[in-house]
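Everything below concerns the one structure shown next.
The values are calculated or read from the model by the stated rules, or taken from the named source; none is laboratory data. What you see is a predicted model; the values in this text were computed from it and never measured. Here the Cβ is made from the backbone with ideal geometry for all residues, glycine too, and neighbour counts use every protein chain on show. These area figures cover heavy atoms from the full protein model, side chains too; ligands, DNA and RNA do not enter into them. Shrake-Rupley method; radii C 1.70, N 1.55, O 1.52, S 1.80 Å.
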Amino acid sequence: MRAAPSTVDLLLTPVHRWVWADVQRRAHKMLRFSETEADGARDITRAAEITRDPTLRRLYLRHADDEQRHACLFKRRGRELLDSPQGRVFEANWLAPGERGLDDLDVGTENDESLLAFLHLSEKAAAGRFVVYGKVLDCDPQTRAMFARILEDEEFHMTYTRKQLARLSPRRQGLRLWQARAGRIWKAYLRLATALAALLGTVMLAVQYFLILPLFVVLARRAARREPEGFVPSRAGLTLERQY
Ligand SMILES: [Fe+2]
Ligand SMILES: [Fe+2]
């Protein structure tokens, strides 16, 4: 199976080109990719522990080994590119997420079929993105070559997951893929909703701070001007015969 970028990623090619043009951002993204690949390796190792299918276990172990190697490659390249370890840069992870670390998948709750369907879609999406990243990296042939090397593994991952799904679930493979697709759409919606909520929260706090709070400052100052200065005589008519 050959990887092909999605229409969205193709349309976003100029954005990807901008994202990858900056060396510092590229370095930080490499380190971030390294973390997600290592995370994916741990999840797939867990899947290998759980599965009762010996063929799948062997494939999962090879897959986990590949992801761990990708993590090392990304980390090494990130460190090579990184001039200063400090310095925060905008990484645009939402636009160029790489391999999504299996979307925080809970491997223990999945069966072999649903896991294979999910893995197939994840690997296919990641492989498509890596094709685009390779295309826009004219300025960095070394990183481009690394992506090309990793892409071969990703194509193997998307191929074996599809074939194994067809073996385990010949009749319901289409349904499994649709269920996995629906899960991915739901997670994408949650990511979008979370980002939107964070944005709205920031806007609302800014409005409160810069528009509503100054109004109370003006009112408080006006009220303060009406107060007499200096000591104020105590209220008349107080009696000591009762408590209040
Ligand atoms: Fe990978
Ligand atoms: Fe992969």
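Take the range 132-154 and flag every residue that is without any contact (Cβ under 8 Å) to a residue 12 or more places away in the chain and closer than 13 Å to Trp20 by Cα. Within the range 132-154, Asp138, Pro141, Arg144 qualify.
Residues checked against (1) touching a residue at least 40 places away in the same chain (Cβ under 8 Å); (2) surrounded by fewer than 16 Cβ atoms within 10 Å (Cβ to Cβ); (3) of a type in the set (Gly, Ala, Ser):
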{"site": "Arg25", "(1), (2), (3)": "yes, no, no"}
{"site": "His28", "(1), (2), (3)": "yes, no, no"}
{"site": "Asp39", "(1), (2), (3)": "yes, no, no"}
{"site": "Asp43", "(1), (2), (3)": "yes, no, no"}
{"site": "Thr55", "(1), (2), (3)": "yes, yes, no"}
{"site": "Tyr60", "(1), (2), (3)": "no, no, no"}
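Checking Gln68 against (1) buried (at least 20 other Cβ atoms within 10 Å of the Cβ); (2) at pLDDT 90 or above, which single condition isn't satisfied? That leaves (1) as the condition not met. Regarding the range 171-191, can at least one residue be identified that is among the hydroxyl-bearing types (Ser, Thr, Tyr), under 30 Å from Leu56 (Cα atoms) and either in contact with a Cys (Cβ under 9 Å, 6 or more places away or on another chain) or surrounded by 10 or more Cβ atoms within 10 Å (Cβ to Cβ) (or both)? Looking for residues that are among the hydroxyl-bearing types (Ser, Thr, Tyr), under 30 Å from Leu56 (Cα atoms) and either in contact with a Cys (Cβ under 9 Å, 6 or more places away or on another chain) or surrounded by 10 or more Cβ atoms within 10 Å (Cβ to Cβ) (or both), one finds none in the range 171-191, hence no. For Arg62, indicate whether it is among the charged types (D, E, K, R), in a helix (DSSP H, G or I) and modelled with pLDDT under 95. So Arg62 fails the test.
Residues that are of a type in the set (D, E, K, R) and either outside any helix (DSSP H, G or I) or within 16 Å of ligand 1 (Cβ to nearest atom) (or both) were ranked within the range 71-82; the one that is most open to solvent (accessible area, probe 1.4 Å) is Arg76.
Report yes if Ala127 is touching a helix residue (DSSP H, G or I) at 6+ places or on another chain (Cβ under 6 Å), closer than 30 Å to Leu81 by Cα and of a type in the set (Gly, Ala, Ser), otherwise no. Here the answer is yes, as Ala127 does meet what is asked. Screening Ala197, Ala180, Ala188 for residues that are at pLDDT 95 or above and assigned to a helix (DSSP H, G or I) leaves exactly one candidate, Ala197.
Please verify whether Ala127 is within 16 Å of ligand 1 (Cβ to nearest atom) and touching a residue at least 24 places away in the same chain (Cβ under 8 Å), treating the condition exactly as stated. For Ala127, the condition - within 16 Å of ligand 1 (Cβ to nearest atom) and touching a residue at least 24 places away in the same chain (Cβ under 8 Å) - is met.
Candidates in the range 134-168 are the residues that are touching a Lys or Arg at 6+ places or on another chain (Cβ under 8 Å) and over 20 Å from Ile44 (Cα atoms); of these, the one that is farthest from ligand 2 (Cβ to nearest atom) is Asp138. Report yes if some residue within the range 137-159 is surrounded by fewer than 17 Cβ atoms within 10 Å (Cβ to Cβ), modelled with pLDDT under 95 and not in a helix (DSSP H, G or I); otherwise report no. Yes; the residues of the range 137-159 include at least one that is surrounded by fewer than 17 Cβ atoms within 10 Å (Cβ to Cβ), modelled with pLDDT under 95 and not in a helix (DSSP H, G or I). When restricted to residues that are assigned to a helix (DSSP H, G or I), more than 17 Å from Gly174 (Cα to Cα) and touching a residue at least 40 places away in the same chain (Cβ under 8 Å), the range 105-124 contains 2. Can you pull out the residues in the range 192-234 that are open to solvent by less than 100 Å² (accessible area, probe 1.4 Å) and within 30 Å of Phe118 (Cβ to Cβ)? Matches in the range 192-234: Leu192, Ala193, Thr194, Ala195, Leu196, Ala197, Ala198.
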